[in-house]
Protein chains: 2
Amino acid sequence: MENDGTEDMGSHKIKNMEEFAALSGISRPTISKYFHDPGSVRQSTRQRIETALERFDYRPNLYAMNQNRRLTKTIGIVVPYLADPFFAEIARNLERRCLDAGFWPILFSSHGEQKLECDILDSLRSLKPAGVLLAPLGRGSDRKAVTKFCEDVPTVLFDSNIDGVGEAFIGSDNGQSVPLIIEYLCRTGAPPCFFEMPPVNPNANKRRNAYLAAMERLGHPPQIVRVEGKTWDFEQIGYDRGMEVLRRGGFATDTVLCSNDRLAIGLIAAAAALSIPVGREDGCQIRIAGHDDHPFSRFTSPSLTTVAQDYAAISNKSVEVLFALIEAKEDAGPREETLFEGKLVMRASA
Amino acid sequence: MENDGTEDMGSHKIKNMEEFAALSGISRPTISKYFHDPGSVRQSTRQRIETALERFDYRPNLYAMNQNRRLTKTIGIVVPYLADPFFAEIARNLERRCLDAGFWPILFSSHGEQKLECDILDSLRSLKPAGVLLAPLGRGSDRKAVTKFCEDVPTVLFDSNIDGVGEAFIGSDNGQSVPLIIEYLCRTGAPPCFFEMPPVNPNANKRRNAYLAAMERLGHPPQIVRVEGKTWDFEQIGYDRGMEVLRRGGFATDTVLCSNDRLAIGLIAAAAALSIPVGREDGCQIRIAGHDDHPFSRFTSPSLTTVAQDYAAISNKSVEVLFALIEAKEDAGPREETLFEGKLVMRASA
DNA sequence: CTCTAAAATTTACGCGCGTAAAAAATTTCT
DNA sequence: AGAAATTTTTTACGCGCGTAAATTTTAGAG
């Protein structure tokens, strides 16, 4: 049984931890401890294990590992709609941070469907995750199911809040961001009317109320255009409904604040299709602004003026709170809500 | 211990299959068989189990289930870049189909990074999946690692091919789709030059070669503009490089075929920023076409003329082949490559 | 060099379920 | 009706690892 010493001995595959322990000359419980937390064993033994690990290329059986562990290293990440690059981007950040912290992130998308969200939570429950980062559907969520889930599993809500549910909520401060862009719009032109997205989640209503409050404060009459639609095809909704409104003589003012960027993207497309020039320059007929700073907003024509949500802050804070929760275990403390401010992004559309 | 009979007896939580078997009056091995495949038990017993299931709300332990199973019900789905709605959309279809077939899809994104792709494959291996649907990074992939993985796990490649790797490949027929749009462009205006995306995957080269062949066949001199960049921020690359070219006097002809829609989206944004009118109408200076029919392509201004990949066909065929593979088990048969034709989507940009 | 705290080993059990084999019960067919 | 085929039950073992308790070894301090 000769070998060159650079690979696993005669490529004999290691079946279990017992065998690996024997080959590496370390007891199985210690190996087990190492895999649970590499820092929990003495530096010298850690070295020996990692040396052996390179030589023999062994990985413990995932299923056997988690079966008897009180807490797995799994972290569930649930977003309402993954085809939305906003959530794709947040999810990416979340995944990265979990991985770096030695956890095992696993990503789910509810695809805008209540049943799917419930199924995901059920699946997640049987995964016995250490914690869950959940951006709920919002209005589309089965409140009872989500509430029950959060009682069983340490869960941090983000993006879309459900009052009192989960250990914490992290999101954007619509009460700051909406007035911010409204003020900008008022200072640079006509006061905006509000093109409201379908109320699929609570942010829609929060933004509407923030619009009403800000307009009142500034002494302008509010004008709301509410668009119907229950799906998550916001661009399509913005396009279709925008088309209707524009054909019927347009909006009440020449400035439109959309309740999110995806809606604005659709509206810009509708305006383009009708050859209505959009932008802040002379000769343009309409100004359009959005909210979120969606990854594609800089590539619309004209590029979209909007309020940026602080992606990095939201994802960082979310994992931070969740990790703290996982550490603390028992003393949950009061439910905390963290809201980050939006930043004005001035581009060409308004 | 009274109860109303509609819920679980005094909400006493069932710990394991043994207990559930006792409560439902059926032997544990039969219950086990049921969970493995509900159709494998007699209809009458299936009814009894499902009735009991409603009353007691039991779910078998996922980890214990998979530990000793030769084959799990897990199916891995790996895409190179989830922030790209194209892949998000494909992944959505794939997930749905797996779920419907009684499998457990689990989604991964390589985020354009080789190391991450390798890590994902390693994790996947320890999940002992029934099969894997893999859209590799392409040029960025660690060919050896992917090859080795495919030897261990039944894998179907899609979107981006790696010769000889995996049990099958499903993708688009660039040799048909590219000439298709070239012919359209030539018939409606000037022959196109080719704005080539960074060669992150083999499709880039295939499309380039298809362009060259088609132009030669039609008797037009080919003009290729190659853009550099190693990242997956195609819109940004299209914008930046497009800006350079347009500032320097523009492209060789007034018609530009981009090697994919995301690049085209960036290029359109660049043209808009320079106030260069884009489209097929009189007065426009440049026509821009793309490839893929990206979900956002209909919302650009002007809307993007492109060739649609058949999303549904690709995802359906991929799962179909994989399921066949899982059924067949041993006799793998020869590696098959399936290419679907693209369809011309005539919009406003060209 | 001894003492002590920390870490590793030995030993042993159990988790929840897959799965095999033989026996018993049920259904289906002639 | 009885025989054959299918399904279920009984019994029993093992998977790979977590984890606890008692013991031994090791490292670091005085």
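Structure above, values below:
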read-out	value
Normalised contact order of chain A, rounded percent, pairs of Cα under 8 Å and 6 or more residues apart	15 percent
Length-normalised contact order for segment B:119-163 - Cα pairs under 8 Å, 6+ apart - percent	52 percent
Per-copy distances of the B:Thr45 label point, shortest first, in nm (7 angstrom along Cα→Cβ)	4.7
About the Cα centre, charge dipole magnitude for chain A (Lys/Arg +1, Asp/Glu -1 at Cβ), debye	340 debye
Listed pairs A:Lys115/A:Lys343; A:Lys128/B:Lys128; A:Lys13/B:Lys230 exceeding 27 Å between Cα atoms	A:Lys115/A:Lys343; A:Lys13/B:Lys230
Teacher prompt: B:Lys144 distances to equivalent labels in other copies, 7 Å Cα→Cβ, nm	5.8
Share, in percent, of DSSP beta bridges within chain B that are antiparallel, nearest 5	10 percent
FRET efficiency, B:Lys230 to B:Leu99 (Cβ-Cβ, R0 25 Å, nearest 0.05)	0.10
Ratio Rg/Rh [Cα only; Rh per Kirkwood] for chain B	1.12
Cβ neighbours within 10 Å from other chains - mean over A:80-87	5
Within a Gaussian network of chain B (alpha carbon springs, distance under 10 Å), most fluctuating of B:Met65, B:Met243, B:Met215	B:Met65
Prolate/oblate/rounded call for the protein assembly as shown, Cα gyration tensor, a/c under 1.5 rounded	oblate
Likely footprinting exposure, A:Cys186, B:Cys258, fewest C-beta neighbours within 10 Å first	A:Cys186, B:Cys258
Using θ = phi - 60° and Karplus 6.51 cos²θ - 1.76 cosθ + 1.60, couplings along segment A:337-344 (whole Hz; Gly, Pro as x)	10, 10, 10, 9, 7, x, 10, 5
Inter-part distance where segment A:20-89 and segment B:125-181 are each reduced to a Cα centre, Å	28 Å
Separation of the B:Arg59 and B:Ser44 label points, Cα + 7 Å toward Cβ, nm	3.2 nm
Dipole axis of the protein assembly as shown (+1 Lys, Arg; -1 Asp, Glu on Cβ), positive-most option in A:Ile120, B:Ile326, B:Thr147	B:Ile326
Helical segments meeting 15 Å axial Cα length and Kyte-Doolittle -0.5 threshold in chain B (DSSP H)	B:85-100, B:114-126, B:174-188, B:261-273, B:311-328
Nitroxide proxy distance, nm - points 7 Å out along Cα→Cβ at B:Lys115 and A:Arg187	4.3 nm
Label spacing, shortest first and in nm, from B:Leu212 to its equivalents in the remaining copies (7 angstrom along Cα→Cβ)	6.4
Loop-resident sites, segment B:122-184, for GluC sites (Glu not before Pro), counting at most 14 other Cβ within 10 Å (DSSP)	none
FRET efficiency estimate (nearest 0.05) - Cβ-Cβ, A:Lys144 to B:Glu19, R0 22 angstrom	0.30
Loop-resident sites, segment B:11-53, for trypsin sites (Lys or Arg not before Pro), counting at most 12 other Cβ within 10 Å (DSSP)	B:Lys13, B:Lys15, B:Arg42
Helix-only CD estimate at 222 nm, as mean residue ellipticity for the protein assembly as shown, using -39500 (n - 2.57) per DSSP H run (n ≥ 4)	-14000 deg cm²/dmol
Proximal charge balance of B:His291 [Cβ under 9 Å; K/R count +1, D/E count -1]	-2
Segment A:34-145, relative contact order in percent, only Cα pairs under 8 angstrom and at least six apart counted	30 percent
Net +/- balance of residues flanking B:Ser110 in space, Cβ distance below 10 Å, scoring K and R +1, D and E -1	-2
Sorted by Cβ neighbour density within 10 Å, fewest at the top, the residues A:Thr72, B:Thr51	B:Thr51, A:Thr72
Placed amide H near B:Gln223: partners under 5 Å, 5+ positions off or other chain	B:Phe194
Local net charge near B:Asp310, Cβ-Cβ under 13 Å (Lys/Arg +1, Asp/Glu -1)	-4
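A short reminder: the numbers here are calculations on the coordinates, not readings from a lab. Just so you know, these numbers come straight off a predicted model, no measurement behind them. We place every Cβ from the backbone using ideal geometry, glycine too, and count neighbours over all the protein chains shown.
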